[in-house]
Each structure stands twice: as C-alpha cells, then as structure tokens.
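Quick note: the coordinates plus some simple rules give every number you see, no bench work behind them. All values reported here derive from a predicted model rather than from experimental measurement. Positions of Cβ are backbone-derived with ideal geometry, glycine not excepted, and every protein chain shown enters the neighbour counts.
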Amino acid sequence: MPVITFANTKGGAGKTTAVLLLATELVQQGYRVTILDADPQRWISRWHQLSPPDEKLRVISYVTQSSIDRHISENLYKTDYFVVDLPGAQTPLLAKAIGLSDHVLIPIQGCAMDAQGGANVLELLRFLEDKGGIKVPHSVVLTRVNSMVTTRALLAVKMLLSERRVEVLDTPIIERAAFRDIFDLGGTLHSMDEGRISNLDKARQNARAFALEMIRRAPLRGTKPLSSRIVHAA
Ligand SMILES: Nc1ncnc2c1ncn2[C@@H]1O[C@H](COP(=O)(O)OP(=O)(O)O)[C@@H](O)[C@H]1O
Ligand SMILES: [Mg+2]
C-alpha cells in the first residue's frame with residue numbers, strides 16, 4: 001500500500017490539485033485510494049462533500065502529525081494507495097509524512113520555476129538521508145505548465161534539475177480549466193460535461209498519463225513495512 005505524499009512548503013504550488021488528480025485517476029484505474037487531508041484549509045475534504053460517494057475512495061480529514069501514522073495503520077488493508085495532501089508550510093508534520101512515504105512528489109510550477117518551496121523539501125529529504133539514513137524515493141512533478149510551452153523549454157527545466165540529480169516526472173501537469181472546475185463542481189474529470197468544459201479530453205489524458213506514471217514509479221508491490229516508516233525527525 002504505497003504512501004504517496006505531495007510536498008512543497010509554498011502554497012499555490014499545485015499540491016492539492018495534483019493530489020485530487022492522482023487519487024481520482026487511481027480510482028478510475030480500479031484501485032482503492034485513501035486521501036489523508038492534512039491541510040487545515042481542507043480543500044480535498046470540501047471537494048469530497050460535494051462529490052457523489054465512491055466506495056473506492058475515502059478521505060480522512062483533520063490529519064495531524066500525531067494522527068497520521070494511526071490513519072495509515074488503521075487503513076492499511078482497506079486501501080491500495082494512500083495519497084497525502086500537506087499544508088504549504090515547513091512543519092514537523094512535513095518531516096513525519098516524508099518518513100512515512102514510499103514516494104514524495106514535489107510539485108513545482110513549470111514556467112515560473114519559483115522553486116524555493118520545492119528546494120526546502122529537497123533539502124529535508126537530503127537531511128533525512130544524510131543524518132538519519134532514511135532514503136525516500138522522490139521526484140519533481142512540473143505543474144501548471146502552459147499547454148503552449150514547447151517540449152524544448154520543458155527539456156531545459158528537466159536538464160537543470162537533472163544536473164542537480166533530481167528526478168523529474170515525464171508527465172507535467174498542464175494548466176487546465178478542468179483542473180480548477182473539479183473543485184467547484186465535485187465529482188471527477190470523468191463525470192464532467194464535455195460540452196461545458198474546454199479541453200476536457202486533454203485534461204483527462206493528462207491526468208491519466210500522470211497516474212499511470214506514478215503507478216509505474218510506486219507500484220503496489222515492494223512497499224516498506226509500517227514499522228520502518230516511523231521517524232522522529234525534526
Ligand atoms: N494544473 C492546473 N491547472 C489549472 N489551475 C491549477 C492547476 N494547478 C493548480 N491550479 C490552481 O492554482 C491554485 C493553487 O493550486 P493548489 O493545488 O491549491 O496548490 P497548493 O495545494 O500547493 O496550495 C488553485 O487556485 C488551483 O485551482
Ligand atoms: Mg493545498
């Protein structure tokens with residue numbers, strides 16, 4: 001039951017949107033998913049209240065530093081994937097969630113490259129590895145990428161990050177109206193009306209490619225046991 005955590009200490013990086021896209025697409029692929037909503041703003045929980053129930057998807061609200069490992073252990077056999085949405089701040093919860101994760105995804109806005117919030121997370125990951133011997137697989141996912149941006153520009157960003165030995169997902173998350181509307185409308189990209197949302201087909205393709213890439217990178221098998229996840233890093 002892989003735990004995939006989205007982390008960036010800056011608000012507005014695209015974490016919550018990416019959490020929702022990944023979780024709903026994993027459900028679409030047939031997996032049972034539990035979202036741990038650790039953001040006090042509770043965007044995911046609010047979306048869940050608006051949405052028709054789906055037995056494959058649970059959302060746990062008010063997740064805190066002291067409750068997160070309990071939520072994981074209680075739901076270990078009821079879910080295939082955990083997806084964690086964190087607040088945009090550097091908190092003890094961030095270090096704890098990272099220690100519990102099988103994969104940390106760091107959303108960074110593709111065009112603006114306002115990477116400081118992402119760099120904080122990368123630093124923390126390096127600290128855990130160097131000082132604690134805890135190696136957590138992680139990658140950057142470029143978000144809110146303009147659909148007109150050339151592959152060449154994206155390649156340049158990837159080169160820059162790879163020079164710093166940071167893995168970048170092949171699939172960027174594109175800036176799409178559908179990814180905003182889903183929070184207002186509830187439901188998923190698959191329940192939205194094609195006639196009313198522009199480029200919905202492209203949005204669906206993008207979300208699907210993103211989820212398939214994450215299934216490859218964090219497969220169901222080979223996850224670490226709970227006992228090895230608990231860390232008490234500052
Ligand atoms: N791929 C995207 N396409 C369109 N709007 C997006 C996209 N990603 C994020 N946004 C918008 O940007 C704002 C911040 O995104 P959000 O996912 O809430 O970031 P965070 O959780 O990191 O604070 C929200 O208004 C959201 O609707
Ligand atoms: Mg958020």
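With R₀ set to 45 Å, the beta-carbon distance separating Ser66 from Ala156 gives a calculated FRET efficiency near 0.60. Centroid-to-centroid, using Cα positions, segment 19-34 and segment 83-105 are 19 Å apart. Considering only Arg208, Arg180, Arg165, the Gaussian network model of the chain with Cα springs below 10 Å gives its largest mean-square fluctuation to Arg165. For Lys78, the aspartates and glutamates whose Cα comes closer than 13 Å to its Cα, not counting residues fewer than 8 places off in the same chain, are Glu55.
Tally Lys/Arg at +1 and Asp/Glu at -1 over every other residue whose Cβ is under 12 Å from the Cβ of Glu213; what's the total?
On the way: positive: Arg208, Arg216, Arg217; negative: Glu25, Glu167, Asp170.
Counting the neighbours of Glu213, the net charge comes to 0.
A Förster distance of 22 Å, applied to the separation of the beta-carbon atoms of His103 and Glu74, puts the FRET efficiency at 0.55.
Can you tell me how much longer the chain between Leu50 and His190 gets when fully stretched, taken as 0.36 nm per residue apart minus their C-alpha distance, in nm with one decimal?
Details: separation 140, 0.36 × 140 = 50.40 nm, distance 1.52 nm.
Difference between extended and current length: 48.9 nm.
Comparing mean-square fluctuations of Phe127, Phe82, Phe210 from a GNM of the chain with C-alpha springs under 10 Å, the top value falls on Phe127. Per residue, the convex hull spanned by the Cα atoms of segment 3-227 amounts to 116 cubic angstrom. Counting only lysines at least 8 places from Lys135 when in the same chain, those with an alpha carbon closer than 20 Å to its own are Lys96, Lys224.
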